[in-house]
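S.K.: Here it is: the structure, laid out below.
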Amino acid sequence: MNSLQINQALQGGDITSPGVLPKLEELRDEPFVFRPDFGLPELPEQPGIILIRGARQYGKSTWMQQQIAETIKRFGPGSAFYLNGDELPHQRSLAEQMRLLLPLFSTKTSVRRLFVDEITAVADWERAVKMLADAGELRRVLLVTTGSKAADLRRGAERLPGRKGRLNRTSYIFTPIPFAEFKRVCGRRFKRQALVPAYLLSGGSPPACSALASHGRMPEYVVEMVRDWIHGAFAASKRPRAMLLDTLDCLHRFAGTPIGQSKLAREAGLANNTVAAGYVELLADLLCVSFAYAWDPSKRRANRRRPCKFHMTNLLAAAAWHPGHPRSPEDYFVLPPGQQAALLEWLVAQECWRRAAVRGDETAETMLFWQGGGHEIDFVLSPTEFIEVKRGKTGPLDFAWFPSVFPEGHLTVVGASRFETDRIIGVTFEDFLTG
């Protein structure tokens, strides 16, 4: 069905006919169904604008169709309508389609919700929203949008000051499912030692989690969907595919190691620093990469002049381009120890990013690390809270230097050992992910 046919069905309260909400039809056949948790437990009933950004293959469209169905069930026919940005050629078409639907809400409903999926596929989409908002046409409507290009949705939101209603929060990141949810749904399908590697390779993507739990390894079609999405974004930006592959290769080779943009450009064969910055920034816009800057404890802020770490915080994308091609926990266990350690650091980075995004931190994708005196700490959460990631077993004596360097600090060591002192605690990866 196209959007016109779907909206005709929604106006009549039909949410069960084939093709109206196809993602929910697919969900009925899925053996593993996950509950998303990205900081928006339910939609508000008051009008306003909600912007949800997130990577492809993480369930945004499925969640949106669930919200459409729930709206129709609770508030009756004609309380929700739907548009697909992938079907709209330009912002004028978006404005026209929204204007067609706005007068069609039922007079009997107390809630009016207009859902626009993948709005960032429409160039200059914010102009259409701004025009309708300024004309007062969205005054009684909750507009819910999703997009897969994070920067475009965020910058669009910044161009809508004062037009998003009185909602407590209007911007969300659609994050991976939490490890606890993965364990609840898929825990019986994996041996205990394989549970964390399985979650790592799937990246918390519901389709990848389901496929891995069903088949014991991740099918190539799941990997190809992620690759096609990222290749498509780079092709649209007129950046060569070969240079993208070289950049991703460098990110894997230097995982966990601070690297300046000059070195990244040189190692990836890119023309200069500016070109290198463009590649990693687009990967960040796609919510695949986060930047970890060196932390200056004397000034209690990031030092952006020093080399930074590039964390792959979309672990499904990391697995898709990993040189070892891991597709199952068994594949992960035969990777060289250094590659396992790098993936585990990225796992902790993804979890730190996920928690910050759920909280609504404005710069969830920005992280900090510390180096000094021959020591390093992987994550600086605050001037007093630190996280170090270790693949193997450790103990308090390995970090005896920490209390003297950070007299007020507390260190969490995520690894293979559990221990606890006044200032340093050791937890397993499963402990950390469920904590």
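S.K.: Can you give the calculated 222 nm mean residue ellipticity of the chain, where each DSSP H run of n ≥ 4 adds -39,500 (n - 2.57) and the sum is split over every residue, rounded to the nearest 500 deg cm²/dmol?
M.R.: Values: 18 runs with 186 residues, N = 435.
Calculated mean residue ellipticity at 222 nm is -12500 deg cm²/dmol.
S.K.: Expressed as a whole percentage, what fraction of the accessible surface of the chain belongs to carbon and sulfur atoms when a 1.4 Å probe is rolled over the protein heavy atoms?
M.R.: 49 percent
S.K.: Tilt of helix 220-236 relative to the longest C-alpha principal axis of the chain, in degrees (0 to 90, nearest 10)?
M.R.: 80 degrees
S.K.: May I ask for the angle, rounded to the nearest 10°, between helix 91-101 and the longest principal axis of the chain, with both axes built from Cα atoms and the value confined to 0 to 90°?
M.R.: 50 degrees
S.K.: What number, in percent, do you get for the relative contact order of the chain if the mean sequence gap of Cα pairs under 8 Å and at least 6 apart is divided by its residue count?
M.R.: Computed value for the chain: 14 percent relative contact order.
S.K.: Okay, moving on. Taking the chain as the reference, fit the longest principal axis to its C-alpha atoms, fit the long axis of helix 125-134 to the helix C-alpha atoms, and give the angle between the two in degrees, 0 to 90, nearest 10.
M.R.: 50 degrees
S.K.: Next question, about the same structure. Starting from 0.36 nm per residue, how many nanometres of slack lie between Ala416 and Asp249 once their C-alpha separation is accounted for?
M.R.: Going from the current span to full extension adds 57.3 nm.
S.K.: Related question: Arranged from highest to lowest average of other beta-carbon atoms within 10 Å per residue, in what order do the peptides 392-401, 359-368 appear?
M.R.: Working: 392-401: 13.7, 359-368: 16.0.
Ranking the peptides 392-401, 359-368 by packing returns 359-368, 392-401.
S.K.: Share of Cα-Cα pairs in the chain beyond 38 Å, in percent?
M.R.: For the chain, the fraction of Cα-Cα distances above 38 Å is 26 percent.
S.K.: Follow-up. Could you work out the equivalent-ellipsoid semi-axes for segment 287-435, taking the square root of 5 times each eigenvalue of the Cα gyration tensor, largest first, in whole Å?
M.R.: With the √(5λ) rule applied to segment 287-435, the semi-axes are 24, 20, 14 Å.
S.K.: Let me ask something else. Once fully extended, how much extra length lies between Arg359 and Arg239, figured as 0.36 nm per residue of separation less the alpha-carbon to alpha-carbon distance? Can you show the working numbers first?
M.R.: On the way: separation 120, 0.36 × 120 = 43.20 nm, distance 3.37 nm.
Length gained, Arg359 through Arg239: 39.8 nm.
S.K.: Among residues other than Ala276 whose Cβ falls under 11 Å from its Cβ, what is the net charge (Lys/Arg +1, Asp/Glu -1)?
M.R.: Values: positive: Lys263, Arg266; negative: Asp246, Glu267, Glu281.
Result for the local shell: -1.
S.K.: Are any of the pairs Lys263/Lys309; Lys309/Lys390; Lys299/Lys390 more than 22 Å apart by Cα-Cα distance, and if so, which?
M.R.: Lys299/Lys390, as the Cα separations exceed 22 Å there.
S.K.: Under 24 Å Cα-Cα from Lys73, which lysines qualify once same-chain neighbours fewer than 8 residues away are excluded?
M.R.: Lys23, Lys60, Lys108
S.K.: I would also like to ask the following. Compute the length gained on full extension between Ala400 and Ser93: take 0.36 nm times their separation in residues and subtract their Cα-Cα distance, giving the result in nm to one decimal. Mind showing how you got there, number by number?
M.R.: On the way: separation 307, 0.36 × 307 = 110.52 nm, distance 6.33 nm.
Result for the pair: 104.2 nm of gain on full extension.
S.K.: Enter the accessible area per residue of segment 346-435 (Å², integer; probe 1.4 Å; all protein chains in place).
M.R.: Per residue, segment 346-435 has 45 Å² of solvent-accessible surface.
S.K.: Related question: Cα to Cα, under 22 Å, and not fewer than 8 places away if on the same chain: which lysines meet these conditions relative to Lys130?
M.R.: Lys149, Lys164
The values are calculated or read from the model by the stated rules, or taken from the named source; none is laboratory data. Keep in mind it's a predicted model, so treat the numbers as computed, not measured. So basically every Cβ, Gly included, is an ideal-geometry build from the backbone, and we count neighbours across all protein chains shown. Side chains included, ligands, DNA and RNA excluded: accessible areas come from the protein's heavy atoms. Shrake-Rupley method; radii C 1.70, N 1.55, O 1.52, S 1.80 Å.
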